[in-house]
Structures are given as structure tokens and as C-alpha cells.
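The values are calculated or read from the model by the stated rules, or taken from the named source; none is laboratory data. Note that this is a predicted model, so its numbers are computed, not measured. Here the Cβ is made from the backbone with ideal geometry for all residues, glycine too, and neighbour counts use every protein chain on show.
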Amino acid sequence: MLKQITITDAELTIMKALWEKGSATSPEIFDSVEDAENKNKSTLKTLLLRLVQKGAVKAEEINSRNYMYSPLITQEDYIDYTRKNFIDRVFGGSAQKMLLNFVKEEKISKDDLKKLMDLIEEEKLFHTAHRVILQY
């Protein structure tokens, strides 16, 4: 379970680069950051330092001037935590309300809705089968 670490949108660009690379030095990270040419290197260093201080990124010293950075939070855990937090804050914890709002407000094709319904049915069958197996 992901501990409560708030990652800003600006910091998320650094995290995405690290998730893609696994581990990297700061120059490697900054080269991977989208729109890095539009961002000040000092700003990127500050964002990386904040992520280390928050416990989202680990910094291992290579030598006196260089560090290897690695994410301490997986992308999947971050997405899961962010989704749950969003549903709690915006929809009072109701995934049903969120889905109904999404279907109502977004332009979703009939094909996409069918895929969603198929996925829901697959999940129901999986959970039903899982419960039956656990009973034995």
C-alpha cells in the first residue's frame, strides 16, 4: 500500500521518466522529461530533490558529484492511490457515481460501452469463481 505522498503535476514528469527508465542519473532523467527544453535545469533539480525528500525517489551516491535515482513508488501503486483518492474526494468514495458521471458526461461510443460491460461481466465471473474456489 502506498503511503500518502502527494506528487505535484510538475514532479510527476520526473516520476514518469524514472518509471520508464527504472534507475537513472539526473542528466538521464532530465533528457527524458517531456518539454525538458522548456524547463530550467535548476527547476528540474529542485523537483527531483523534493521527490527524494518526500520518499518517492531513492538517491544512491555513485561518486561525490553523481547520484543514481530510483523510484520507491511503482507507477501502478501511484495510479491506484490517486484513483482511490480522487473517487473519495470527488464522489464520496462511490465508484458507481464516478462511472455513471463518466458515462453520462463523456462522449463514449457504443463499442466502448460494450467493451466496458464485457469487462464488468468478466470481473464478476472472476470474483464469483474465486469465491467458489476459496469455499473449498
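Some notes on this structure:
- Just so you know, in the range 55-82 the residues that are without any contact (Cβ under 8 Å) to a residue 24 or more places away in the chain and among the charged types (D, E, K, R) include one that is surrounded by the most Cβ atoms within 10 Å (Cβ to Cβ), and it is Lys58.
- Lys97 vs. criteria at pLDDT 90 or above and surrounded by 13 or more Cβ atoms within 10 Å (Cβ to Cβ): no
- Lys39 falls short on exactly one of the conditions (1) within 19 Å of Tyr81 (Cβ to Cβ); (2) out of contact with any Gly (no Cβ under 8 Å at 6 or more places or on another chain); (3) modelled with pLDDT under 90, and that condition is (1).
- Restricting attention to the range 55-86, the residues that are part of a strand (DSSP E or B) and farther than 15 Å from Leu18 by Cα add up to 4.
- Look at the range 4-24: where a residue is over 24 Å from Asp88 (Cα atoms) and a partner is acidic (Asp, Glu), sitting 6+ places away or on another chain with Cβ atoms under 7 Å, you get Thr13/Glu34; Lys21/Glu28.
- Hits in the range 11-22 - residues which are surrounded by 14 or more Cβ atoms within 10 Å (Cβ to Cβ) and of a type outside the set (Lys, Arg): Glu11, Leu12, Thr13, Ile14, Met15, Ala17, Leu18, Trp19
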